[in-house]
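Participant: One structure follows; several queries about it will come next.
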Amino acid sequence: MALAAIRATVHGMASPRISQRVWLASFRVMSVEKFWSVVERARLQSADPSDAEEVAQRTLALLVELPAADVATLAQPLWDLRVRSYRWGLWGAAYLLNGGCSDDGFEYFRGWLLTQGRTVFEDSLVNPDSLAGLPAVQRSALADEPTNFECESMYGVVWDAYRDLTGTTELPNPVVGRYPALEGTWDFEDNEQVRRRLPRLAALYLD
C-alpha cells in the first residue's frame, strides 16, 4: 500500500480521559499480541522465514481469512510498532545494511524488520547492532549482490488485507498517533561513529 494512503488515515491523538486512556492501552496490548501471533504463524508456514516477501504474502493470506472487523483492529498495533521502531539507531543500521536509506526506505526497512518476528524486532529496538546475528545479514555481507532489507508489502499488510475484504482501505476507526521526534542523531556516513555505535554490523559491512 502506498505511503500516502496510509498516512492519510493517521490522525493526531486528542487528549482522552484517563479511563479511556487505560482502556486503549489494554486494548492495544491485546491487539499487538494478536498481530504478532499472525506474523509468527506466517513465519512457520514459510519455507524460508528469513524471506521477507514470503512472510508478508503469508501474513496477508492469513489476515484475509479473518473477518474484516478483526483485521481493522490490527491496524493500530501495526502503526504502534512502526512508531516504536522510528529510531535513529535503527535508521543507522538500515543505512549500513542497504548502502543508504531514504525516508521511505526506512519505512520499508521496518516492514522487513516486522517479518523477522517479534524477538528480532524487540531486540533491535534495544540494540540495533543485534541484527548482525541474523544469518541473512551475515550472508548479505559476503554476497556479490547484497540483499535489500526492505519489505514494502509488510508495511501496509493490514490495510491491504482490509482492502481485499471490503474493497476499501478506509478503516472504521483511523489509527492515531504520530512519529516521535528523533533523538540522539549522528552521521551515518562517519565510519568512526558507525564502528562505535554499531560495532558488529560495522565489522561485517565496513571492515
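Participant: Starting from the Cα of GLU53, step 7 Å toward the Cβ, then list every residue of segment 114-141 with an amide N under 13 Å from that point.
Facilitator: Counting backbone N atoms under 13 Å from the label point, the list is empty.
Participant: Hey, what number do you get for the chain at 222 nm if only DSSP H runs of n ≥ 4 count, each worth -39500 (n - 2.57), divided across all residues, to the nearest 500?
Facilitator: Theoretical 222 nm ellipticity from helices: -18000 deg cm²/dmol.
Participant: Ok, one more. Could you size up the charge dipole of the chain around its Cα centre, putting +1 on the beta carbon of Lys and Arg and -1 on that of Asp and Glu, and report it in debye to the nearest 20?
Facilitator: With only Lys, Arg, Asp and Glu charged at Cβ, the dipole is about 920 debye.
Participant: Taking every eigenvalue of the Cα gyration tensor of segment 101-207, multiplying by 5 and rooting it, what semi-axes result, largest first, whole Å?
Facilitator: 31, 17, 12
Participant: While we're looking at this one, here's another question. Calculate, axis by axis, the spread of Cα positions in segment 122-161 along the three principal axes, and write the results as whole Å, longest axis first.
Facilitator: Extents along the principal axes, in whole Å: 35, 28, 11.
Participant: Please sort by residue number the GluC sites (Glu not before Pro) in segment 25-112 whose DSSP state is loop and whose Cβ has at most 15 other Cβ atoms within 10 Å.
Facilitator: Sparse-neighbourhood loop GluC sites (Glu not before Pro): GLU65.
Participant: Here's a follow-up. Using the alpha-carbon atoms, what tilt in degrees (0 to 90, nearest 10) does helix 103-115 show relative to the longest principal axis of the chain?
Facilitator: Its long axis makes an angle of about 80 degrees.
Participant: Next question, about the same structure. Counting only C-alpha contacts under 8 Å and six or more residues apart, can you give the relative contact order of the chain as a whole percent?
Facilitator: Worked out over the chain, it gives 33 percent.
Participant: On a 0 to 90 degree scale, rounded to 10, what angle separates helix 18-45 from the longest Cα axis of the chain?
Facilitator: In the chain, helix 18-45 runs at an angle near 60 degrees to the longest axis.
Participant: So if I average 1/r over every pair of distinct C-alpha atoms in segment 39-79 and take the inverse, what Kirkwood radius in Å does that give?
Facilitator: The Cα-based Kirkwood calculation yields 10.7 Å.
Participant: Under a no-solvent Debye model with one identical scatterer per Cα of the chain, what's log10 I(q)/I(0) at q = 0.08 Å⁻¹?
Facilitator: Computed log10 I(q)/I(0) values: -0.28.
Participant: A follow-up question, please. Calculate how steeply helix 52-63 sits against the longest principal axis of the alpha-carbon atoms of the chain, using the helix alpha-carbon long axis, and give the answer as 0 to 90 degrees to the nearest 10.
Facilitator: Here the helix axis deviates by roughly 10 degrees.
Participant: What residues have an amide H closer than 5 Å to that of ASP51, excluding those fewer than 5 places away on the same chain, when H is modeled at 1.01 Å from N in the peptide plane?
Facilitator: none
Participant: What percent of all Cα-Cα pairs in segment 60-120 falls in each 10 Å bin, counting up from 0?
Facilitator: Bin by bin from 0 Å, the calculated values are 20, 45, 26, 10, 0.
Participant: Would you kindly calculate the translational diffusion coefficient of segment 22-145, applying Stokes-Einstein with the Kirkwood radius from alpha carbon pairs, for 20 °C and a viscosity of 1.002 mPa s, and quote it in µm² s⁻¹ without decimals?
Facilitator: 140
Throughout, read-outs are computed from the coordinates displayed, never taken from laboratory work. These numbers come from a predicted model, not from an experiment. As a convention, Cβ positions derive from the backbone with ideal geometry for all residues, glycine included, and neighbour counts pool all protein chains shown.
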